[in-house]
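The values are calculated or read from the model by the stated rules, or taken from the named source; none is laboratory data. Everything numeric in this text was worked out from a predicted model, so none of it was measured. Every residue, glycine among them, receives a Cβ derived from its backbone with ideal geometry; neighbour counts consider all protein chains shown.
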Amino acid sequence: MDLQTLWFAAVAVLWTGFLLLEGFDFGVAALLPVLSRGDAAQRRADKNLMLRTIGPVWDGNEVWLVTAVGAVFAAFPGWYATWLPAMYLPFVLLLLALIVRAVAFEWRHQRHDAAWDATWTRVITGGSVVAALAIGGALGATTLGLPIAADGTRVGGAFSWVGWPVALGAVAVLAYSLVHGAVFLALKTEGPVRERARAFALRWSPLAALPLLAWAGLVVLRSGGLVSTVLWLVAALAVVGTWTRLKVDREGQAFLGWALVLLASAAAVFGAGYPTVVASTVDPAFDVVVGGASVSDYTLTVMTWVAGVGLPVVLGYQAWTYWVFRKRLTAEPEHEAAHA
Amino acid sequence: MDVLDIARWQFGITTVYHFLMVPLTIGLGLLVAVMHTLWVRTGRAEWLRMTRFWGRIFLINFVLGVATGLVQEFQFGLAWSEYSRFVGDVFGSILALEALLAFFLESTFLGLWIFGWGRIPKKLHLATIWAAVVGSTISAYFIIAANSWMQHPVGVVMDEATGRPRQVDFLAVLTNNTALAAFSHAIVASLMVAGGLLVGIGLWHLRRRKLAGRSTEDVDHAVWRRSVRLGGYVSLAAFLLVALTGDWQGKLMYQQQPLKMSSAEALCNTEAPASFSIFAFNKLGSNECDDVHSFTIPYILSFLAHSDFSSPVPGVNQLQEQYADAYGATYPDDPSFGDKAGEPIDYTPVLAVTYWGFRLMIGMGMVSAAVAAYALWSTRKGRVPTSRIGVYGSLLAVGAPFVGNAAGWIFTEMGRQPFVVVPNPDVPRAEQIYFFTAQAVSPGVTAAEVWTSLISLAVLYAALAVVEFGLIVRFVRAGITEGDTTPTPGIGGGPSRDDDESTRPDDDASDDVLQFAY
């Protein structure tokens, strides 16, 4: 495998890792109003419980996005410099959503005031939904098609990215994240929230997988081969597997199954799409491809060495974080004795 | 305004705003880690309370820094796509390595630190804050290395096939002397920000406690006293290092970007020996160098630039001619230069900005150092100052190093115009790599789009600044709360009560655990 292919794979892994990790915190945040029930105090307690499941990890998850975008810039500046300006407004919307969401996580508890709390909780939900839609739309467009001219600039003005690829990607990422968040909550909590989350995932998982499977299927039909077709089938089977595991209360296995839905779909999309990184709807000859968009072999070699050493370390300590906070959470916050 | 101007305003506003958070994150993070270490080593209650109180301020600030940092990574592509294509072989890889090696460390270990109180072993927990601080510092190094490459491109050759620089020596990019000087300058300047905060807030609490007749024997008194002393010493030491590293950086800039430095001095014509300008009068807002007149000290500028009292320092007028000879008197008549195509090139940066930015940077550093000296003197041998002017002046001066940091960056960034990548004078003219700001902007993006993002980001940033400032003021006023006295998960305690009087109602107790991270 040459270095450009390796880095295309690395970028694909980073985007998939981002969707897999941030996907459940987008989902949990979006489900706050859906899975909290009862009177105002009870709903607030439910929301607190749900937010505690992602509290220690959402920021680390978001770094996957920063690294994915950084890797696109680093390895394929031609991709970065075509994709971002072509979808200027959706990316700005993404940034606005991520900013308000991040501060809302931290600021929500800074005052003992129900209205303040409720406002920031709504901002967390709204910001997460908009961010999931925007990032899904952007990924849908780069894999399915953007109006790109021969020189890599956008034709047709500020809204020329609007189209079904953006809508499909947006709905796919949001729908996947909703069920992902529900399965995560079922895995990480006890009590009524766990039951509701499991019921939600059981009811919606087949439907929520459809847009993602449709997206992957379209890329496979356009440019896929045997391997990407098999990957697509694996993704479809994983949906069935997830559902059956949920049915018998095996949340851990269901979580792995639902993760496999994403891993296989993303592998199908990126695998079938390769070597195209931005598909042009104007003329396939204008597609931005790995070879034309990439940096020099020297720079790729340097990055390969640094990432080869750095990435295992990162994966190690992120995994350790999940291990430290592995316990199921209950509605009663624990007042643990301090380690002396 | 055309797209270029709007995009420049956007970059300036979002970056200066982001950089209000950054030095506090770097400086205060380091001091909180020191406090935490002292608590683990000595077990003294005041160090725990200091860690928790200042840690809370650190975290409120940190999240806004992270949130606004996101914009930075995207806007090179959004508004500056031609720049991104041109520098892609060097610049993007530094950003990606920053994310991989620094941001993961920072965010993962801060999450562990916040939620790890009482949950992971004490020493391991201490290691998490240090890991986060190391992450912030590495991040600063990488981003400054990226910026310094734009100021002084090294480790690259021009690739004739693509017309863009190709990286040939990654180590040279990382050990760029511009980067080493700028990094050390920025780190010590960050410590001045943190030191000034400890001093201003600590003095205010000490004075308030004294006027209220509180004991000077209890733990909370020690908290504020130690904060003032620590902040004062850190500020003064950092000021000394800021001056030394600034001198190093200044001398490099006289070689690498003489126009930036001469316009910082409004030195119109070459002088030998050259005089240092203290203060300009008469048309001080003018951008015509010859209009500006100032009080000067003879010989000093030669010394600052070359460490002797006789060497010539080139003037703005002569340099403008030299640059026009070397890089052209007009922009090429090429569509990639947009409205600027065929227009004359002004190689002199905006004189009023560089001249006053430079003086504001130095002046604010001096204000902060003077306040630190006052704080140490007025708290000597257990004293507590009650002077309204002294204490409130110190509180106001918390802002001084923030302004100084911002002014320094505005000076250095606007001082390199009209280039976005400045030619490196150490290599022969034919091999030099440079890029004009005018050709860096995204060609396909419309003015309406950039207006939309500029306005929406500016409005959001303003609103967030109001909330953030309000929250910090509340926490500062509340001071030490009962959540700070035990090492419980979350950075506990909140300003729900006024000072030490009552405890919080029981139904809010669940929030103690939840404080902070979500």
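Observations on the structure shown:
- Residue match in region A:4-27 (condition: under 17 Å from A:Ala132 (Cβ atoms) and among the polar types (S, T, N, Q)): yes
- Count of residues meeting criterion [part of a helix (DSSP H, G or I), without any contact (Cβ under 8 Å) to a residue 60 or more places away in the chain and more than 18 Å from the chain's Cα centre (by Cα)] in region A:243-257: 5
- Any hit, region A:117-136, residues being of a type in the set (Phe, Trp, Tyr) and under 27 Å from A:Leu260 (Cα atoms): no
- The combined condition, being out of contact with any Lys or Arg (no Cβ under 9 Å at 6 or more places or on another chain), more than 7 Å from every other protein chain (Cβ to nearest Cβ), in a helix (DSSP H, G or I) and without any contact (Cβ under 8 Å) to a residue 24 or more places away in the chain, is not fulfilled by B:Thr37.
- Test: residue in region A:156-179 that is under 19 Å from A:Trp58 (Cα atoms) and among the polar types (S, T, N, Q): yes
- Candidate set: region B:114-123, residues that are modelled with pLDDT under 90 and part of a helix (DSSP H, G or I); chosen: the one nearest to the other protein chains (Cβ to nearest Cβ): B:Phe115
- The residue that is surrounded by the most Cβ atoms within 10 Å (Cβ to Cβ), counting only those in region B:448-480 that are more than 10 Å from every other protein chain (Cβ to nearest Cβ) and small (Gly, Ala, Ser), is B:Gly479.
- From the list B:Gly404, B:Gly444, the lone residue that is small (Gly, Ala, Ser) and outside any helix (DSSP H, G or I) is B:Gly444.
- Listed by first and then second residue, the pairs linking a residue in region A:283-300 that is loosely packed, with under 15 Cβ neighbours inside 10 Å to a residue that is among the hydrophobic types (A, V, I, L, M, F, W, C), with Cβ atoms under 6 Å apart and 6 or more places separating them unless they lie on different chains, are A:Asp297/A:Leu3.
- Residue within region B:366-376 that is of a type outside the set (A, V, I, L, M, F, W, C) and in a helix (DSSP H, G or I) present: yes
- Positions within region B:124-134 being surrounded by fewer than 24 Cβ atoms within 10 Å (Cβ to Cβ) and facing another protein chain (nearest Cβ under 10 Å), in sequence order: B:Leu124, B:His125, B:Ala131
- Single condition A:Trp258 does not satisfy, out of (1) among the aromatic types (Phe, Trp, Tyr); (2) surrounded by fewer than 21 Cβ atoms within 10 Å (Cβ to Cβ); (3) under 28 Å from A:Ala186 (Cβ atoms): (2)
- Summed over region A:258-305, the residues that are closer than 24 Å to A:Gly23 by Cβ and either in a helix (DSSP H, G or I) or in contact with a Cys (Cβ under 8 Å, 6 or more places away or on another chain) (or both) give a count of 16.
- Selected residue (only one of B:Asp291, B:Asp339 is surrounded by fewer than 17 Cβ atoms within 10 Å (Cβ to Cβ), free of Cβ contacts under 8 Å to residues at least 12 places away in the same chain and farther than 25 Å from B:Gly365 by Cβ): B:Asp291
- A:Phe105 in contact (Cβ under 8 Å) with a residue 24 or more places away in the chain, in a helix (DSSP H, G or I) and facing chain B (nearest Cβ under 7 Å): yes
- Selected residue (only one of B:Met150, B:Met158 is more than 10 Å from chain A (Cβ to nearest Cβ) and either without any contact (Cβ under 8 Å) to a residue 12 or more places away in the chain or not in a helix (DSSP H, G or I) (or both)): B:Met158
- Filtered residues of region A:55-66 (kept if facing chain B (nearest Cβ under 7 Å) and in a helix (DSSP H, G or I)): A:Asp59, A:Gly60, A:Val63, A:Val66
- Some residue of region A:67-80 being crowded, with 24+ Cβ neighbours inside 10 Å, β-branched (Val, Ile, Thr), more than 8 Å from chain B (Cβ to nearest Cβ) and closer than 21 Å to B:Gly111 by Cβ: no
- Test: residue in region A:81-93 that is more than 7 Å from every other protein chain (Cβ to nearest Cβ), of a type in the set (S, T, N, Q) and over 21 Å from the mean Cα position of the chain (by Cα): yes
- The set of residues in region B:72-113 that are over 21 Å from B:Ala140 (Cα atoms) and more than 7 Å from chain A (Cβ to nearest Cβ) comprises B:Ala79, B:Trp80, B:Glu82, B:Tyr83, B:Phe86.
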